[in-house]
Amino acid sequence: MGGTGRVYVYPKLDSAVWDADEIPALDRVLAFDESGGTVAYVDSKGFPGRIDLRETDVTKASRAKLTSLSSANGSDIYGINSKGEIVRLNPTGGDWHFKPPVPARSVFAQPNGELIVTANKGTQTLVWRVRPPDDIVLDSTVLPLSGRGVRTSIGDRIYFAVDSGLIGIKAKDLSPVGTVELESRVRALAPTPSGDRLYVATMADSGISIVDRYSGKVGMGVVLPAPPADLRMDALGRYLLARFPKGDSAWVIAIGTNRLVGAVHTRWETDLPAIAPDGKLAVLQGKDVVILDPEKLEVLSTVAGAAKDFWYFFAWDGFRPRARGLDQPVTFGDSGSPDSLAASSTPSANPESPATPGAADTAAPPPTASAPASGFTVQFAALLTDDKAQQIASTIRVGATPAHVVSSSIGGSPIFRVIMGPFTTKEEAERVGRAAKHEYWVYEGSP
C-alpha cells in the first residue's frame, strides 16, 4: 500500500482491492488495529497518519513533525514534539500531552495502554512508566547511558543497547532483568515474537548472538561470512533475515533449525524483504517484487512494477460474514426409540377404572428448523456508512449487472455490504467475482 495508492489482499496480487490516490508514500507502518481495521503509519515526509480499511479513508494524524513515533493498537499514535513532550494523537480528538522531568528521547507504546518513556541526562538514561490520560509517573528507573531500544512483540520487556552489551527491563514495573555482555557494540536487535530469544548482531562479530530471556545466557547462532548490517524477524518467528554489510543482498536463516538457508539478491528497505503470513519470502529486485520459497530460494511468482509500492503483511478478515450453516440449530434424526422420559411421566392405566377420554391436544406442533438459504453471494466490501458502500458499488459491474448494497447489523452497528448475487452455484459466484476485478469473497446463502 502507498506509493501508488493501491491496496492488495495477498496472495491475490493481480488486481487491487482499493485504488486510493490519497494514500501517501509510506515510510513505515507503526501498528494495525484488527478490530477497527485501522493502520497507523508514518509517511515518507515523517508525518503520522491512519488508513481506515473499512471506511476507505486516509487521514493525517498531525501537521507537526514528531519524533520517536510509536503505536501499539493502530489507533492511538504517540510521538515527541520539539519541546521533548509526549503527544498522543487520538482519532476521536482526545489528544494528550505529557511533560517528563527531562525532555524525552524515545517512547514505547505498550499493548496494555501504558507508555515507557526514556530520556538521556549526562551519563544516564532515565526511564518512566505512565498511563495516559494520567500524567502521573507510575514507576521510574535509571540505566547507564544507552542507545537504541527494542520492545518485544508482546510488550513485556524492553532491551537497550549499552556499551558492548545489552540491558533489559520489565515493562510492568521497570525492574532490571540483567545485563548481557558482548564482545563489541550492538548493531542490530531482533526479538522473536514470543520474546523468548533475542538475536543480536554486533559491529565486529560475523556470528549472530542469541540471548535466552529465561537464563540470560548468550549462545552463538549462525556464523555468517561477514557481520550483518541489520536484522529483520519474521512476524511468526520462522525465519530471520540478515542484511549484507555491502551490496543488495540478504541472508535467510531458519530459526527452528538455526540454519543458514542461503543468500538472495534484494534491496533492503523499511518494508521488504519480508516473510509473508503463508511463509513465502518477498524481495525487491529491480522494479519488481519477487515471491520466493524461503527454503529453496526458488522464484514462485513476480509482481511486475510493485517495487514502488509499500508492502505490509497482516492477517484480517474484516467484516467477512459467517457461513449460514454455522448458525442453524442442531437437529437429531428420529431413532425410532420411545421417549423414556415421556413414558415414565405418563400415569399407568388402571384396568379397574373406567377409561376416560383424553382431552384434545390443542398445542401447536413444534416448529421445524428452516433450511439454510440456498445460493452463493459475492461480497466486495463491508462498511459502516451507506454513502461509502454506494460509492464502491457504483464502480463494480459485470456485464450489464451492477453491484448493489444491502444493510445488516453486527453487534448493534449497521453494516453496509457491497454484493452481487446470490448465484446458483459457487463456481458461478467465483466466476463473477473474478470478472469484477475487485477483491472479493464468496459465502453460502443469500445476503
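Taking segment 230-262 as the region of interest, how many residues are in a loop (DSSP other than H, G, I, E, B), at positive phi and touching a strand residue (DSSP E or B) at 6+ places or on another chain (Cβ under 7 Å)?
Matching residues across segment 230-262 total 1.
Of the residues L138, L198, L182, L174, which single one is open to solvent by 50 Å² or more (accessible area, probe 1.4 Å) and among the aliphatic types (A, V, I, L, M)?
Every option except L138 fails the conditions.
Output the number of the condition that D386 fails; it satisfies all remaining conditions of (1) farther than 23 Å from I51 by Cα; (2) free of Cβ contacts under 8 Å to residues at least 60 places away in the same chain.
Just one mismatch for D386, condition (1).
Got at least one residue in segment 146-162 being over 27 Å from the mean Cα position of the chain (by Cα), assigned to a loop (DSSP other than H, G, I, E, B) and under 30 Å from R88 (Cβ atoms)?
Scanning segment 146-162 turns up at least one residue that is over 27 Å from the mean Cα position of the chain (by Cα), assigned to a loop (DSSP other than H, G, I, E, B) and under 30 Å from R88 (Cβ atoms).
Determine whether R129 is in contact (Cβ under 8 Å) with a residue 24 or more places away in the chain and basic (K, R).
Values: in contact (Cβ under 8 Å) with a residue 24 or more places away in the chain: yes; basic (K, R): yes.
So R129 passes the test.
Can you find even one residue in segment 226-245 that is open to solvent by less than 20 Å² (accessible area, probe 1.4 Å) and more than 26 Å from F108 (Cα to Cα)?
So far as segment 226-245 goes, no, none of its residues is open to solvent by less than 20 Å² (accessible area, probe 1.4 Å) and more than 26 Å from F108 (Cα to Cα).
Just to be sure I understand, how many residues within segment 417-443 are modelled with pLDDT of 85 or more and either open to solvent by 40 Å² or more (accessible area, probe 1.4 Å) or of a type in the set (G, A, S) (or both)?
So the answer is 14.
Yes or no, residue by residue, for (1) buried (at least 20 other Cβ atoms within 10 Å of the Cβ); (2) closer than 22 Å to T270 by Cα:
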position: I51; (1), (2): yes, yes
position: T59; (1), (2): no, yes
position: L66; (1), (2): yes, yes
position: N73; (1), (2): no, yes
position: S82; (1), (2): no, no
position: A104; (1), (2): yes, no
position: F108; (1), (2): yes, yes
position: L115; (1), (2): yes, no
position: R131; (1), (2): no, no
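Which residue, of I136, I158, is without any contact (Cβ under 8 Å) to a residue 12 or more places away in the chain and either of a type outside the set (F, W, Y) or touching a His at 6+ places or on another chain (Cβ under 6 Å) (or both)?
Going through I136, I158 in turn, just one is without any contact (Cβ under 8 Å) to a residue 12 or more places away in the chain and either of a type outside the set (F, W, Y) or touching a His at 6+ places or on another chain (Cβ under 6 Å) (or both): I136.
Confirm whether P422 is of a type outside the set (V, I, T) and touching a Leu at 6+ places or on another chain (Cβ under 8 Å).
In short, no.
The values are calculated or read from the model by the stated rules, or taken from the named source; none is laboratory data. Values in this document were obtained by computation on a predicted structure and should not be read as measured data. Here Cβ is always computed from backbone atoms with ideal geometry, including for glycine, and neighbour counts include all displayed protein chains. Side chains are part of the model used for accessible areas, which takes the heavy atoms of the whole protein and leaves out ligands, DNA and RNA. Shrake-Rupley method; radii C 1.70, N 1.55, O 1.52, S 1.80 Å.
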